[in-house]
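I have placed the structure first, in the form of structure tokens, so that the comments after it can refer back to it.
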Amino acid sequence: MSTLPAFTHTVTERFLRYVVIDTQSNPASATCPSTEKQKDLGRLLAAELQAMGVADAHLDECGYVYATIAANTNKTVPVICFCSHMDTSPDCTGKNVRPQIVKNYRGGDIVLPADSTQVIRAAEHPALADQIGNDIITTDGTTLLGADNKAGLAAIMDAAHFLIHNREVKHGAIKILFTPDEEIGRGVDKADLKKLGADFAYTVDGETAGNIEDETFSADGATITIEGVSTHPGFAKGKMEHAIKIAAAIVDRLPKDTCSPETTEGNQGFLHPVGISGALERATLGFIVRDFTDEGLKEKELLLESIVKEVMKSYPRSTYRMEIKQQYRNMKQVIDRHPEIVDYAIEAIRRAGLEPVKTSIRGGTDGSRLSFMGLPCPNIFAGEHAFHSRLEWVSRQDMEKAALTIVHLATIWEERA
């Protein structure tokens with residue numbers, strides 16, 4: 001096992017530069033990227049990589065940053081990519097982010113300075129118990145922080161800086177991919193994998209330090225269109241069948257104590273209504289369906305349709321149409337064919353001084369889709385917590401461990417080649 005030279009981290013300084021750039025994505029936009037401001041960060045990242053000596057670093061017209069750190073070994077090593085996304089969630093504003101650092105955290109609650117009602121409570125954030133003595137970065141309480149996923153960006157950039165300036169640390173070719181619009185499900189829509197030229201990849205977008213995630217939900221979207229019976233409301237008795245009321249009845253019949261996000265955890269999936277719209281004559285219901293197995297997805301979709309059919313019995317002259325659209329599948333189906341990807345990550349985490357923990361994601365990542373596009377891609381931690389909210393936080397030490405894990409991963413792939 002190789003020993004690394006002393007690691008002078010740049011990750012916190014980078015992170016603080018990145019989070020003040022507003023990169024919020026917009027699901028209502030049809031452009032790629034969905035917001036032009038994401039390119040502001042993309043240009044900065046490409047320029048920083050070029051300044052390090054990465055000659056091919058560039059931002060393309062769709063908002064993707066590509067770069068290559070050349071191999072410095074004579075071995076034939078698989079080409080590894082590290083990937084993070086530049087956008088922040090539409091769920092909470094990312095404009096005028098004002099980060100603060102709580103140095104040498106001693107425990108207890110953290111009251112955010114610009115809004116005292118925003119409190120990161122130790123009782124509600126048990127991960128804080130592992131941060132005693134660390135430096136915690138938060139916002140002032142008026143915005144999200146953007147650690148999801150600017151912590152990942154900063155860790156990859158820190159690792160790139162180290163590898164470029166420590167040529168004695170041997171590694172194969174390393175590819176870097178920074179994506180837009182991950183938060184709205186379009187993170188790899190325009191990714192050019194041929195240009196990228198990687199064999200395997202890792203997203204750096206996970207939570208607790210030491211975690212590696214090799215499994216995601218499988219995901220479908222379901223759309224139910226109700227065609228009701230419209231008549232003048234003054235003469236509607238025995239004739240009108242109101243599409244909105246039919247849709248509301250369907251939602252009301254959903255299981256109350258199971259099969260929803262608010263009643264499930266671990267490896268349990270769910271049905272989740274995400275939209276309802278319409279008028280008397282026609283209404284539309286949108287659902288997301290989540291499970292870790294394709295069989296579980298099918299069961300939930302059959303359950304949903306059985307609920308619809310039961311409701312429709314009370315509206316004999318109305319009709320419905322249910323459409324299922326595949327969104328993404330559990331990346332474990334692909335990653336399990338290449339066990340070395342996870343094995344090497346576990347070893348890298350261990351070399352970084354952490355206890356590796358293999359977990360599942362109750363959601364999806366760019367890696368879910370990349371895996372099924374031919375680029376197997378588990379997810380490793382970046383240290384972000386309470387993402388998509390004004391209580392978001394990350395510690396300097398966890399980001400540094402993420403950067404160190406990336407460097408160790410690069411060396412392990414070279415060692416095992």
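The values are calculated or read from the model by the stated rules, or taken from the named source; none is laboratory data. Being a predicted model, the structure only gives us computed values, none of them experimental. No Cβ is skipped: glycine too gets one built from the backbone with ideal geometry, and neighbour counts run over all protein chains shown. What goes into the accessible areas is simple: the full protein's heavy atoms, side chains included, and nothing from ligands, DNA or RNA. Shrake-Rupley method; radii C 1.70, N 1.55, O 1.52, S 1.80 Å.
Here are the numbers for this structure:
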{"quantity": "Listed residues Ile101, Ile132, Ile80, most fluctuating in the chain (Gaussian network, C-alpha, under 10 Å)", "calculated": "Ile132"}
{"quantity": "Projected label distance in nm at Met373 and Arg416, using a 7 Å step from Cα toward the beta-carbon", "calculated": "2.4"}
{"quantity": "DSSP-assigned coil residues among GluC sites (Glu not before Pro) in region 137-232, each with at most 10 further Cβ atoms within 10 Å", "calculated": "Glu168"}
{"quantity": "Size of electric dipole in the chain: Cβ of Lys, Arg +1 and of Asp, Glu -1, about Cα centre, debye, nearest 20", "calculated": "640"}
{"quantity": "Amide H partners (placed H, <5 Å) of His385, local residues excluded", "calculated": "Trp393"}
{"quantity": "Solvent-accessible area per residue for region 265-331 (1.4 angstrom probe, square angstrom)", "calculated": "58"}
{"quantity": "Helix-derived mean residue ellipticity, 222 nm - over the chain, DSSP H n ≥ 4, -39500 (n - 2.57), to 500", "calculated": "-9000 deg cm²/dmol"}
{"quantity": "Rg [Å, one decimal], Dmax [Å, integer] - region 365-417, C-alpha atoms", "calculated": "14.3, 44"}
{"quantity": "With every protein chain in place, region 1-92: carbon and sulfur % of accessible area (1.4 Å)", "calculated": "55"}
{"quantity": "Distance-filtered residues of region 274-304 - backbone nitrogen under 20 Å, label point 7 angstrom along Asp252 Cα→Cβ", "calculated": "274-287, 304"}
{"quantity": "Kyte-Doolittle mean at least -1.0 and Cα axial length at least 15 Å: DSSP H helices in the chain", "calculated": "38-52, 147-165, 294-312, 339-351, 396-416"}
{"quantity": "Gain in span if fully extended, Asp343 to Gln50, counting 0.36 nm per residue against the direct Cα distance", "calculated": "102.3 nm"}
{"quantity": "Sequence of Lys170, Lys358 from largest to smallest accessible area, 1.4 Å probe", "calculated": "Lys358, Lys170"}
{"quantity": "Rough spin-label spacing in nm, given labels placed 7 Å along Cα→Cβ, for Ser314 and Ala123", "calculated": "4.1"}
{"quantity": "Other-chain or far-sequence residues with amide H under 5 Å of Glu215's (modelled H)", "calculated": "Ile361"}
{"quantity": "P(r), alpha carbons of region 42-187 - 10 Å bins starting at zero, rounded %", "calculated": "10, 31, 28, 22, 7, 1"}
{"quantity": "Region 301-385 - convex hull of alpha carbons, volume per residue in Å³", "calculated": "141"}
{"quantity": "Region 121-224, accessible area per residue, ligands and nucleic acids excluded (1.4 Å, Å²)", "calculated": "28"}
{"quantity": "Given charges at beta-carbon only (K, R positive; D, E negative), |dipole| of region 2-70 in Debye", "calculated": "160"}
{"quantity": "Three-way shape label, region 257-344, alpha-carbon gyration tensor, a/c 1.5", "calculated": "prolate"}
{"quantity": "Region 149-255, accessible surface, carbon-and-sulfur percent (1.4 angstrom probe)", "calculated": "50"}
{"quantity": "Three-way shape label, region 1-112, alpha-carbon gyration tensor, a/c 1.5", "calculated": "oblate"}
{"quantity": "Overall dimensions of the chain by Cα: Rg and Dmax, Å", "calculated": "23.6, 85"}
